[in-house]
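Here is the structure we will look at.
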Amino acid sequence: HNKMIHAMEGMVRQARRHNPNIDIVFLYTANEKHIATYQAGETPREITAHDAVAAHYGIPSVSFAADVAQRMANGDFDWKKFGGTHPAPFGADIYASDVKSLLTDVCLDRGEATSHDLPAPMEALNYEQGRFVELESAQVENGWTLSEPDWKALPGKTRKQFVDIPMLWADQPGATLTLPFTGSAVGMFIVSGPDAGTVEYSIDGGKVQAVDLFTTYSRGLHYPWTCMFGSDLEPGDHTLTLRVSDQKNGKSKGTAVRIKTFVAN
């Protein structure tokens, strides 16, 4: 719950530091898990966390998920007619109607742009100082290559934003690097495909921990996501050590790690 707040609060604070006049709306789209949670009389934990941020910063939100769950419980339509996570035109019209209601309720009577005050943060370790850390900052010990992977030779679909660019990658166990960074959090923005492996990491020579990089979507797609290693470190200078493990998910075809950029806060 706190990690969700750290991320969302960080985005809000970065946006409003950049432009105090910016208006923000949180939109909670529908998926089957959220529908089931609402119909069980509960609110999805992601929405609870983000609504806490919304309340703290005076941000309106629209829960498409809650509306769709209620209409489905009423028997108005089923999930197939709605169109699924990426709605059919029928479902998109419901989303549009909800946005229209928001604009009618809170926006039509406004005049000039309003500057938003930035209150004290909810969480001291929020990602307000979140940033990308260039790949060249890593100190390679062995086994890593900084180049564009040969995507055509690899199984799995790709997304065009992530192919014609260099990545720091390794596909053999034992490949090791270190990354010096400053802050209270560190991670890596990666793509995980059918051959996604497992990484072992430690911070400042501490306990070695493992993270399986094979995701729900990896079987057929080199899926982009951010893997965090530490998000509540003592602010200051640290060193991340990263090693490709010889262990892997049973569903994976390899032990590959492909990094687009490192991240820190």
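The values are calculated or read from the model by the stated rules, or taken from the named source; none is laboratory data. Quick caveat, the model's predicted, so the values are computed rather than measured. FYI the Cβ positions are ideal-geometry reconstructions off the backbone, even for glycines, and counts take in every protein chain you see. All accessible areas refer to the heavy atoms of the entire protein, side chains included, with ligands and DNA or RNA removed. Shrake-Rupley method; radii C 1.70, N 1.55, O 1.52, S 1.80 Å.
Of the DSSP H helices in the chain, those that are both long (alpha-carbon extent of 18 Å or more along the helix axis) and hydrophobic (Kyte-Doolittle mean at least -0.5) are 45-57, 89-106.
Annotation: per residue accessible area for the chain equals 54 Å², rounded to a whole number [probe 1.4 Å, protein chains only].
Can you sort PHE189, PHE90 by 1.4 Å-probe accessible area, starting with the largest? Could you put the intermediate results ahead of the total?
Details: PHE189 40, PHE90 75 Å².
Correct descending sequence by accessible area is PHE90, PHE189.
For the chain, the spread of Cα coordinates along the three principal axes comes to 60, 43, 34 Å, biggest extent given first. Under the convention that each Lys and Arg Cβ holds +1 and each Asp and Glu Cβ holds -1, the size of the dipole of segment 85-153 around its Cα centre is about 220 debye. LEU154 sits among other residues whose Cβ lies under 13 Å from its own Cβ, and their net charge, with Lys and Arg +1 and Asp and Glu -1, is 0.
The share of C-alpha pairs in segment 59-108 whose separation exceeds 12 Å stands at 64 percent.
Rounded to the nearest 5, the antiparallel percentage of DSSP beta bridges internal to the chain is 90%. Taking amide H as placed 1.01 Å from N in the peptide plane, the amide H of VAL133 sits under 5 Å from that of PHE262, VAL263, ALA264, each at least 5 places away or on another chain.
If you add up the charges near ASP195, with Lys and Arg at +1 and Asp and Glu at -1, over every other residue whose beta carbon is less than 10 angstrom from its beta carbon, what do you get?
Its environment carries a net charge of +2.
Would you mind telling me the share, in percent, of accessible area of segment 117-265 contributed by carbon and sulfur at probe 1.4 angstrom? Summing carbon and sulfur atoms, their accessible area is 49 percent of the total for segment 117-265.
Size descriptors for segment 85-147 (Cα atoms only): Rg and Dmax, in that order, 22.5, 61 Å.
Sorting LYS3, LYS80, LYS248 by solvent-accessible area of protein heavy atoms yields LYS80, LYS3, LYS248, largest first, with a 1.4 Å probe. Heavy-atom accessible area for GLU42, with the other protein chains in place and a 1.4 Å probe, reaches approximately 110 Å². Using a probe of 1.4 Å, the accessible surface attributed to THR37 totals some 30 Å² when neighbouring protein chains are kept in position. One Cα centroid belongs to segment 1-50, the other to segment 183-214; the line between them spans 25 Å. Largest accessible area first, the residues HIS1, HIS238, HIS56 order themselves as HIS1, HIS56, HIS238 under a 1.4 Å probe with ligands, DNA and RNA left out.
On full extension, the segment bounded by HIS56 and ASP164 gains 34.8 nm, given 0.36 nm per residue less the C-alpha separation.
Using the rule -39500 (n - 2.57) for each DSSP H run of four or more residues, divided by the residues of the chain, the 222 nm mean residue ellipticity is -8000 deg cm²/dmol. To make sure I understand the rule: partners must be lysines, Cα under 24 Å from the Cα of LYS160, and not fewer than 8 residues away in the same chain. Which ones qualify? Cross-link targets: LYS152, LYS253, LYS260. The heavy atoms of ILE22 present about 50 square angstrom of accessible area, all protein chains included, probe 1.4 Å. Sorting the Cα pairs of segment 17-149 by distance into bins of 5 Å, from 0 upward, gives 2, 8, 14, 15, 14, 11, 11, 10, 8, 5, 2, 1, 0 percent per bin. Between ALA73, ALA65, ALA153, the GNM of the chain built on Cα springs shorter than 10 angstrom shows ALA153 fluctuating the most. When segment 1-93 is described by a simple charge dipole with +1 on each Lys and Arg Cβ and -1 on each Asp and Glu Cβ, the residue from ILE5, PRO87, ALA36 located farthest towards its positive end is ILE5. Once both labels are positioned 7 Å from their Cα atoms along Cα-to-Cβ, the gap between ASP78 and ALA120 label points is 5.3 nm. Across VAL191, VAL12, VAL99, mean-square fluctuation computed from a Gaussian network of the chain (C-alpha pairs under 10 Å connected) peaks at VAL99.
Solvent-accessible area of segment 1-104 (1.4 angstrom probe, protein heavy atoms only): carbon and sulfur portion equals 54 percent.
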